[in-house]
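A quick write-up on the structure given underneath.
Bear in mind that the values in this text are calculations on the coordinates, not laboratory data. The structure displayed is predicted, hence computed values, not measured ones. Here Cβ is always computed from backbone atoms with ideal geometry, including for glycine, and neighbour counts include all displayed protein chains.
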Amino acid sequence: MLPKAHKEVLDGFFAEEGIYSEVINEYTGCNLGTKILYLERSISQDCDTFNYYLDMLHNRSLDREQHQSNIEFVRALKVINDLCFNNNVKYGEHGLKRAQEHYLSALGEVVPKDIKTAVELMCIALIIRIINDDDATAQLQKDARIDAELHIAGEPGWRLWLDLPQQQLFPKIPEFMLAGVSSSKPHLVMKLVYEKCLSLHELQSLNKELCSDILEYSDEMIRLKKHINLTVSHLLELDPLVRKELLQRYNDVLMLVKEHAMSLETLLQLSIEQLHIVLHDPKSEAAMRILYPDCYNAVGLNKVTFF
């Protein structure tokens, strides 16, 4: 049975007028369904998985006041998850403590199972209060949020704002999302996701060959995304030989786009033979025929000045 002192602390957090309940209830930065979805996740997902989804909830582009509200909303959800799963939290300058001990041990013996049950029940009660008989709307919004998350790149900066333990500062993709990915390189997948080269939807669609290519050339992918907005979705449509050529010779590709103003769309339409020609010598006659077909056909190559 939960000691009275522990019950009072948890009520102060999650009861109807609890500080974290009020933060969650009053937050206007997301809809009802998203709130319900994250509350359900907070009592059902392990620490790393829940932190990963909190990255998607964090919005660093907000103005100062709205961002602070966003951070406090994330904090409230994080406290629920920490207490429910008894995660490590910062304690003092360099130490760590289990969340339940950190918040409650000074008030009596901590029984993890009892605290977990109490937090789960309080969270469910909070969900019921928030829904307020609007189940249909909440479900539609939850489904829409889950679909949208396939294309949301997380923003892990909240982890520093909330001063998480060192092991939680670095995002980890949940294991169930890595079923088709080399288990030895999940950090590269995470890097591509957070650099917005790869969405969760695309991650789940990768075949073995493409997965191998993008992991081998992850740094090149990030540079191509930054400079010409090339993403994995573009690579999915390409011939494997063209894809490898683009990744292996990314410096030549960037030079080609920069100096000859070639659009990404045009670049992606080239065959492997055409790509070899324009990358080898973009000023050759053969390359000019490919790069400037309209000008070449209209007036002849010798009458056109190319820059």
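According to the square roots a ≥ b ≥ c of the eigenvalues of the Cα gyration tensor, what is the shape class of the range 254-297, taking rounded for a/c under 1.5, prolate for a/b larger than b/c otherwise, and oblate for the remainder?
Rounded, because the longest to shortest axis ratio a/c is under 1.5.
For His227 and Ser61 in the same chain, what is the full-extension length gain: residue separation times 0.36 nm, less their Cα-Cα distance, in nm?
57.6 nm
Measuring from centroid to centroid over Cα atoms, what is the spacing of the range 11-76 and the range 91-108 in Å?
Distance between centres, Cα-based: 22 Å.
Whole-Hz ³J(HN,Hα) for each residue in the range 25-41, computed from phi via Karplus 6.51 cos²θ - 1.76 cosθ + 1.60 with θ = phi - 60°, x for glycine and proline: what do you get?
In residue order, the calculated couplings are 5, 8, 5, 10, x, 8, 7, 4, x, 5, 4, 5, 4, 6, 5, 5, 5 Hz.
Under unit Cβ charges (Lys, Arg +1; Asp, Glu -1), what dipole magnitude, rounded to 20 debye, does the chain have relative to its Cα centre?
Around 640 debye, computed over the chain.
Count charges around Leu104 for me, please; just the other residues with Cβ under 13 Å from its Cβ, Lys/Arg as +1, Asp/Glu as -1.
After counting each charged neighbour, the total is -1.
What is the calculated FRET efficiency for Cys30 to Tyr91, with r their C-beta to C-beta distance and R₀ = 30 Å, to the nearest 0.05?
0.45
Considering only Cα-Cα distances, which of the following residue pairs are longer than 30 Å: Lys35/Lys97; Lys35/Lys226; Lys78/Lys142; Lys78/Lys226?
Lys35/Lys226; Lys78/Lys226
Relative to the compact globular guide of 2.2 N^0.38 Å, what is the alpha carbon radius of gyration of the range 21-139, as a ratio?
1.11
Sticking to Cα atoms, compute the Rg of the chain to one decimal and its Dmax as the biggest Cα-Cα distance, whole number, in Å.
Taking only Cα atoms of the chain, I get Rg and Dmax of 25.8, 91 Å.
Mind telling me which of Glu40, Glu26, Glu72 comes out most flexible in a GNM of the chain, alpha-carbon contacts under 10 Å?
The residue that fluctuates most here is Glu26.
If amide hydrogens are placed 1.01 Å from N in the peptide plane, which non-local residues have theirs closer than 5 Å to the one on Leu162?
For Leu162, no residues qualify.
May I ask for the net charge around Ala125, where only other residues with Cβ less than 12 Å from the Cβ of Ala125 are counted and Lys, Arg are +1 while Asp, Glu are -1?
Neighbour charge sum, excluding Ala125 itself: -2.
Looking at Tyr52, Ser42, Asn88, which one has the Cα that reaches farthest to the positive end of the dipole of the range 8-104 (charges on Cβ: Lys, Arg +1; Asp, Glu -1)?
So the residue furthest toward the plus end is Tyr52.
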